[in-house]
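Just below is one structure, and these are the notes that go with it.
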Amino acid sequence: MSEPENTLPLDQWHRGRGARMVPFAGYQMPIQYDGIIAEHRWTRESAGLFDVSHMGQILLTGTGLDAALEALLPADLSILKDGRLRYSLLLNEHGGIIDDLMVTRRADHFYMVVNGATKLGDIAHIQERLPDSVTLTHMTEQALLALQGPRAVEALSRLAPGVEQLSFMTGGGFALNGGDAWISRSGYTGEDGFEISVPAAQVAEVAEALASQPEVKPIGLGARDSLRLEAGLPLYGHDLDEQTTPIEADLGFAISKRRRAEGGFPGAPRIQMELEGGTITRRVGLMIEGRQPVREGAMVVDAEGNDVGRVTSGGFSPTLEAPIAMAYVPIAMAEPGTAVTLSQRARLFQAKVAPTPFVPHRYQRKGAAQ
């Protein structure tokens, strides 16, 4: 018997705008409005509004916060300043990835955003391992929106003056549409953009105000997936799982310099060994010959036809007008330019290992021209 689905605060708003709804992470969510390719291109050229309220928003308060979280994450929180975000990983004792997440220092507490499909398991895992001095609050009354694209700042700054001062991976509290919002300059598309946390009771009015801006259209899960694939960003449960380490996943940047040396986080001995000696497999990008996409589950095969790797994400890139994918391949095949053969439904496809991102990121980093 399947689990009952939850309802997004914006469920009726999506349906009223003609969204096609599909089950995802325990919710009915919009996969598209006007079509995936059109929505993808609109986001790359203007500004797309995504409902990501299925994600888990968590507050961590109390004493000894830095040490408590560093026992769970490989981040160096001692150097994380107020209002700064850090991409990090929740790891098991073998160094496998339980989830990837964003953690933000907000004055005397931390704000964390975890994936929707894993949030309840993440919360239970974290709570079991926190000292009594730290309290975890699941922010179930908050909704989360993402406004992504080169004109996102133009649209949002009309409604929340001052957001244009944020740089990539920074956040702050802003007045937005008559209420309070936490806004960070971050996202999952490779474009400049923002994530906006507001009370669920106010999110319909906020979404309407944003969608009323001439630069903005609502965008569904389909384009969110094609955008993040072009940006070379992994999706938990597909490109990342508990059998995969950060080094295999090409996420070594998430292991802070001090933590690499000191350890003290779950799976540290294995990860330190892999940092020193390398891994057997590695996540890479693939450019596929021809026009037909190769999907998740296709196998990487050697010259004798033996399975030696696996495609974890794949699709057609509207920007490049070509099929692209991400896969785990033997380290000997991981160099850009290496030719590989893929097998999908008894058909063979030729591909080459490609650097990621496939489409350059356009984040507004500190000091960049505005």
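The values are calculated or read from the model by the stated rules, or taken from the named source; none is laboratory data. All values reported here derive from a predicted model rather than from experimental measurement. No Cβ is skipped: glycine too gets one built from the backbone with ideal geometry, and neighbour counts run over all protein chains shown.
Residues that are in contact with a Phe, Trp or Tyr (Cβ under 7 Å, 6 or more places away or on another chain) and among the charged types (D, E, K, R) number at least 1 in the following strands (runs of 3 or more DSSP E) confined to segment 277-370: 281-288, 307-317.
Kindly establish whether Gly95 is buried (at least 24 other Cβ atoms within 10 Å of the Cβ) and modelled with pLDDT of 95 or more. Yes: the conditions hold for Gly95. Residues that are crowded, with 21+ Cβ neighbours inside 10 Å, of a type outside the set (D, E, K, R), in contact with a Leu (Cβ under 7 Å, 6 or more places away or on another chain) and in contact (Cβ under 8 Å) with a residue 12 or more places away in the chain occur at least once in segment 227-241.
Among the residues making up segment 1-52, those that are in a helix (DSSP H, G or I) and within 19 Å of Ala143 (Cα to Cα) are Asp11, Gln12, Trp13, His14, Arg15, Gly16.
Let me confirm something: among Ala143, Ala71, which residue is closer than 27 Å to Met273 by Cβ and among the hydrophobic types (A, V, I, L, M, F, W, C)?
Values: Ala143 fails: closer than 27 Å to Met273 by Cβ.
After ruling out the rest, the residue left standing is Ala71.
Looking at (1) of a type in the set (Val, Ile, Thr); (2) surrounded by fewer than 16 Cβ atoms within 10 Å (Cβ to Cβ); (3) touching a Leu at 6+ places or on another chain (Cβ under 9 Å), find the lone condition where Thr7 falls short. Status for Thr7: all satisfied but (3).
Across segment 257-276, the qualifying residues are those that are in contact with a helix residue (DSSP H, G or I) (Cβ under 8 Å, 6 or more places away or on another chain) and in a loop (DSSP other than H, G, I, E, B), and the one among them that is surrounded by the fewest Cβ atoms within 10 Å (Cβ to Cβ) is Gly264. Collect the residues in segment 154-183 that are within 24 Å of the chain's Cα centre (by Cα) and acidic (Asp, Glu), keeping them in residue-number order. Glu154, Glu164, listed by residue number.
For segment 250-305, a residue qualifies if it is within 26 Å of the chain's Cα centre (by Cα) and of a type in the set (Val, Ile, Thr), and the qualifying residues are Ile255, Ile271, Thr279, Ile280, Thr281, Val284, Ile288, Val294, Val300.
Check segment 245-254 and report whether any residue there is outside any loop (DSSP other than H, G, I, E, B) and under 29 Å from Asp11 (Cα atoms).
Just the residues of segment 245-254 that are outside any loop (DSSP other than H, G, I, E, B), to begin with: 252-254.
Filter once more, so that each one left must be under 29 Å from Asp11 (Cα atoms): none.
No: zero hits.
State whether the residues of segment 277-299 include one that is of a type in the set (S, T, N, Q), in contact with a strand residue (DSSP E or B) (Cβ under 8 Å, 6 or more places away or on another chain), closer than 21 Å to Pro355 by Cα and surrounded by 13 or more Cβ atoms within 10 Å (Cβ to Cβ).
Taking segment 277-299 first, the residues of a type in the set (S, T, N, Q) are 279, 281, 292.
Now restrict to residues that are in contact with a strand residue (DSSP E or B) (Cβ under 8 Å, 6 or more places away or on another chain): 281, 292.
Remaining after also requiring closer than 21 Å to Pro355 by Cα: 281, 292.
Checking which are surrounded by 13 or more Cβ atoms within 10 Å (Cβ to Cβ) leaves us with 281.
Yes, there is a match, as at least one residue in segment 277-299 is of a type in the set (S, T, N, Q), in contact with a strand residue (DSSP E or B) (Cβ under 8 Å, 6 or more places away or on another chain), closer than 21 Å to Pro355 by Cα and surrounded by 13 or more Cβ atoms within 10 Å (Cβ to Cβ).
Number of residues in segment 240-272 that are among the basic types (Lys, Arg) and under 25 Å from Val329 (Cβ atoms) equals 2. Do we have Asp241 as assigned by TED's automatic domain parsing to the domain that holds Thr43, acidic (Asp, Glu) and within 16 Å of the chain's Cα centre (by Cα) here? Criteria not met by Asp241.
Run down Gly315, Gly305 and say which single residue is within 27 Å of Glu45 (Cβ to Cβ) and surrounded by fewer than 21 Cβ atoms within 10 Å (Cβ to Cβ). Explain how you work it out, then say what you get.
Values: Gly305 fails: within 27 Å of Glu45 (Cβ to Cβ).
The match here is Gly315.
Selection of first residues in segment 347-365 that are touching a residue at least 24 places away in the same chain (Cβ under 8 Å) and closer than 19 Å to Gly297 by Cα and of second residues that are among the β-branched types (Val, Ile, Thr) and not in a strand (DSSP E or B), restricted to Cβ pairs under 7 Å at least 6 apart or on distinct chains, gives the following pairs, ordered by first then second residue: Phe349/Val294; Lys352/Thr338; Val353/Thr338.
Inspect segment 187-203 for any residue being surrounded by fewer than 22 Cβ atoms within 10 Å (Cβ to Cβ) and either in the same structural domain as Val284 (by TED's automatic domain parsing) or in contact with a Phe, Trp or Tyr (Cβ under 7 Å, 6 or more places away or on another chain) (or both) and give the result as yes or no.
As a first pass, look at segment 187-203 and keep what is surrounded by fewer than 22 Cβ atoms within 10 Å (Cβ to Cβ): 188, 199-202.
Within this subset, residues satisfying the condition of being either in the same structural domain as Val284 (by TED's automatic domain parsing) or in contact with a Phe, Trp or Tyr (Cβ under 7 Å, 6 or more places away or on another chain) (or both) are none.
Scanning segment 187-203, I find no residue that is surrounded by fewer than 22 Cβ atoms within 10 Å (Cβ to Cβ) and either in the same structural domain as Val284 (by TED's automatic domain parsing) or in contact with a Phe, Trp or Tyr (Cβ under 7 Å, 6 or more places away or on another chain) (or both), so the answer is no.
Look at segment 284-296: where a residue is closer than 16 Å to Thr319 by Cα and a partner is in a loop (DSSP other than H, G, I, E, B), sitting 6+ places away or on another chain with Cβ atoms under 7 Å, you get Gly285/Gly232; Gly285/Pro355; Gly285/Thr356; Gly285/Phe358; Ile288/Val294.
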